[in-house]
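Written out below as structure tokens is the structure these notes cover.
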Amino acid sequence: MLKFEMKKFFLKMTTKVILTAFLLVIVILCFMAVDSVHYTDTDGNELTGISRAAAGRRLAADENKWKGELTPEKITEIAESYHELMQQYQGDYPAVEYGRTVQSYWEILYFASEMFTPDYIRALEDMDRVAEKDIAHIYGAYTDNLKNMAQEYGTTPEQEKFLEEQYGQIQIPVTYKAFDSWDTMATHAEMYILISVIVIGFLAAGIFDEEFRNHAELVFFTAKYGRSKAVINKIAAGVITTTIIYWAGIGILSLISFGIIGWSGFNTPYQITAPYSFYVITQGQRYFLTMVCGYIASLLSASVTMFITAKMHTLKAAVVIPFFMYHVLIFIGRPLSEVTSLSCFTPNVLIEIDRQLRHPHIFQIGNVVFRQVPFVMVLYAIVSIILLPFIFRSYSGYDSAKNLRRKS
Amino acid sequence: MELRFKNVSKKYGEVFAVNDVSYSMETGVYGLLGVNGAGKTTLMTMLCAVTRPTTGEITWDGNDIFKLGERYRDLLGYLPQNFGFYPDLSVSDYMMYIASIKGIRPAAAKKRLKELLEMVGLSKYRDRKMKALSGGMARRVGIAQAMLNDPKILVLDEPTAGLDPSERIRFRNLISELAADRLVLLSTHIVSDVEFIAEQIILMKAGKFFFTGTSDELIAGMEADVWNCKVFGNKVNEYMQKYPVGNVKHVSGGVELRILSKTPPSENAVREVPALEDAFLLYFGEKAGDEDAEI
Ligand SMILES: Nc1ncnc2c1ncn2[C@@H]1O[C@H](COP(=O)(O)OP(=O)(O)OP(=O)(O)O)[C@@H](O)[C@H]1O
Ligand SMILES: [Mg+2]
């Protein structure tokens, strides 16, 4: 029975049209991802046109000159090279120099500067002064700063201890490998998720709308399993198609993009990107986390739209609700977070995970301290599942006399 | 096998769509006749357990059909008046889907599908998209889907709407074939659809059954005779005002009218054998069905 429900879904014209458009969007996203990596060659020329495709791999090759542990010696070498250049050209070095040297170590130098200060804007301004600092003790400065962060954000002894434990897991010295592709792809995966929650919500809602849209409900609900197994199968079809479409989409996006720009740096610590994040993970794990959160967001979107459609017998609300749940909340979430910490738990958190990973949001109930991201993931995974029986109840309890969409 | 209505009513707001109906049905063909808005569809949706009666009870062999649920729906085949389907599916995909929600195994469903499409004359179109079918073809698929589970109770709401005259005749024969060992309830406002195939006629008006019985009983009970008289063209209106008038036929030198009246409406009036159609005209005050339906 499920097989026929799935067949019905994929044979639908709307499904075909939307999935084709979605695929097109994914291809555009791949293009954007590849296009967002810049590379300047040793002559100071930035790669353009079709050769741009090679930027990711060439950049990684250059940067990987520095791979391995970022020892104080290595950092000193980098900081001094940069300092000299800045001196030589009064702060405005030419593109040739950028292509030859700066490009390969810029990320490392910025990270080094950030180890001295958690203020990322100051870290940027101070990059040419890293050489003047006590690089021999850079990791000491970094651990001190981490300790300060733990004290600042841990408002109770339990929280402070929790933060110290998390920070304690950071491997020092940090092991470096070029990771630009993961950084780029985390951003583009989020763009994909931004679209997929809408597309998936709409398609899943369609599964519960089509009987009413086509006036086929009377045949459906008078069939033997029309109020039992057939409805369960519809719900299953919703969950399965959500899963297939989401993972196929992000699979295509990842395969093409990583295939072109390379996947160097899976194991590079995320801390190089965000030195004071208490999520001690690698770049690859960060990408995986983004994908999983996007999947939960898509499931939630599907559950909510299926539920509303099963209740209202129309798609109309189903299209706008994911939009409010995610996109509008992203916009009002930021000002809202000034007022209430509830904004840490709204569904939009799931689709802007990269921003959340940088923020030290921790909470405490009793003695249990928990972090925002895992909590939100579990919360909405549960909400998505809890909604399913309600979808069943709404749909299978159909009464034609109360049908809101009946044209009489 | 007994389907019974006990004081069944359905109210929409202040309007009774079905008003205190009590009736019992067994195997055989039941023709439900009534004008637009009489409550036929409402009655049928209640019988198919998709509309709950406001008051009263519907039972199958003594059990409430809403409580029987799945077990009752397993016996049911229903062609709704406003028969809708999934436009992007092919005829066979559509049938296989309906078979699946009716709990028929794919292997059995395939066999059944073949038989049914042959029966409704659509074997050639099994791979055609549902949306590419003509209205009449779609309705035939509708009948076929209702038959998929070999139902004990077959409910057809205006099954002949949209069928062409030859299709109508085919359809009538089909129903007679299907009727064996089944309860068939079919609604229409076209008398000829049920005249020869329905063992029981139910006349429904404003939510009530006001006649139930055989076609012969209905005709015998008419309190008027049927007359055929030829009048001048300019007199037609006058007769129309005065009597219920059935067929109007233009002939040389005037117009032939089929008139219902206790007394002869004119000197040259000839007594005719009354038919079901005349009873319909008498009781509903309007002509049964539309002109092109008269075959
Ligand atoms: N969902 C509804 N809401 C409100 N009123 C309704 C609804 N369905 C039917 N009615 C009313 O109930 C009455 C009976 O309608 P029903 O559709 O049962 O008649 P019918 O005999 O099937 O007519 P037709 O020959 O036109 O199909 C009508 O007055 C109709 O307006
Ligand atoms: Mg009707």
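Contact map, segment B:206-227: first residue assigned to a helix (DSSP H, G or I), second residue at pLDDT 90 or above and of a type in the set (Phe, Trp, Tyr), Cβ cut-off under 8 Å, separation 6 or more or different chains; pairs are B:Leu218/B:Phe211. Would you check if A:Val199 is open to solvent by 10 Å² or more (accessible area, probe 1.4 Å) and not charged (D, E, K, R)? Taking the combined requirement at face value, the residue satisfies it.
When segment A:345-355 is filtered for residues that are open to solvent by 10 Å² or more (accessible area, probe 1.4 Å), closer than 25 Å to A:His188 by Cβ and without any contact (Cβ under 8 Å) to a residue 40 or more places away in the chain, the ones remaining, listed by number, are A:Thr346, A:Arg355.
Of the residues A:Ala317, A:Ala310, A:Ala302, which single one is open to solvent by 10 Å² or more (accessible area, probe 1.4 Å), out of contact with any Pro (no Cβ under 7 Å at 6 or more places or on another chain), closer than 22 Å to A:Ile386 by Cβ and aliphatic (A, V, I, L, M)?
A:Ala317
Is one or more of the residues making up segment B:66-76 within 16 Å of ligand 1 (Cβ to nearest atom) and either away from chain A (no Cβ under 13 Å) or not hydroxyl-bearing (Ser, Thr, Tyr) (or both)?
The initial filter retains those residues of segment B:66-76 that are within 16 Å of ligand 1 (Cβ to nearest atom), namely none.
There is no residue in segment B:66-76 that is within 16 Å of ligand 1 (Cβ to nearest atom) and either away from chain A (no Cβ under 13 Å) or not hydroxyl-bearing (Ser, Thr, Tyr) (or both).
Of the residues making up segment B:97-115, those that are at the interface with another protein chain (Cβ under 10 Å from one of its Cβ atoms), of a type outside the set (Ser, Thr, Tyr) and open to solvent by less than 20 Å² (accessible area, probe 1.4 Å) are B:Ile98, B:Ala99, B:Ile101, B:Lys102, B:Ala109.
Among the residues of segment A:207-239, which ones are of a type in the set (Asp, Glu) and touching a residue at least 40 places away in the same chain (Cβ under 8 Å)? Quick ask: steps written out before the conclusion?
Filtering segment A:207-239 for residues of a type in the set (Asp, Glu) gives A:209-211, A:217.
Correct list: A:Asp209, A:Glu210, A:Glu217.
Residue check: is B:Arg71 away from ligand 2 (no atom under 16 Å from the Cβ), farther than 26 Å from B:Thr214 by Cβ and open to solvent by 70 Å² or more (accessible area, probe 1.4 Å)? Here the answer is yes, as B:Arg71 does meet what is asked. Residues that are touching a Leu at 6+ places or on another chain (Cβ under 9 Å) number at least 3 in the following helices (runs of 4 or more DSSP H) confined to segment B:59-134: B:91-101, B:106-119.
Taken across segment B:80-87, residues that are touching a strand residue (DSSP E or B) at 6+ places or on another chain (Cβ under 6 Å) and hydrophobic (A, V, I, L, M, F, W, C) do not occur at all.
For segment B:7-61, a residue qualifies if it is more than 15 Å from ligand 1 (Cβ to nearest atom), within 14 Å of chain A (Cβ to nearest Cβ) and among the polar types (S, T, N, Q), and exactly one does: B:Thr55. Under 24 Å from A:Arg358 (Cβ atoms) and within 25 Å of the chain's Cα centre (by Cα): does that describe A:Gln151? Answer is no for this residue.
Screening A:Val174 on (1) touching a residue at least 24 places away in the same chain (Cβ under 8 Å); (2) crowded, with 22+ Cβ neighbours inside 10 Å shows it passes everything except condition (2).
Note on segment B:143-162: residues that are closer than 20 Å to B:Gly121 by Cβ and either open to solvent by less than 10 Å² (accessible area, probe 1.4 Å) or within 16 Å of ligand 2 (Cβ to nearest atom) (or both) total 13.
Scanning segment A:1-28 for residues that are within 20 Å of the chain's Cα centre (by Cα) and either closer than 30 Å to A:Ile235 by Cα or not aliphatic (A, V, I, L, M) (or both) yields A:Phe22, A:Leu23, A:Val25, A:Ile26, A:Val27.
The values are calculated or read from the model by the stated rules, or taken from the named source; none is laboratory data. All of these numbers come straight from a predicted model, not from anything done at the bench. Cβ sites come from the backbone with ideal geometry, for glycine too, and all protein chains shown count toward neighbours. Accessible surface is based on the protein model in full, side chains and every heavy atom, while ligands, DNA and RNA are left aside. Shrake-Rupley method; radii C 1.70, N 1.55, O 1.52, S 1.80 Å.
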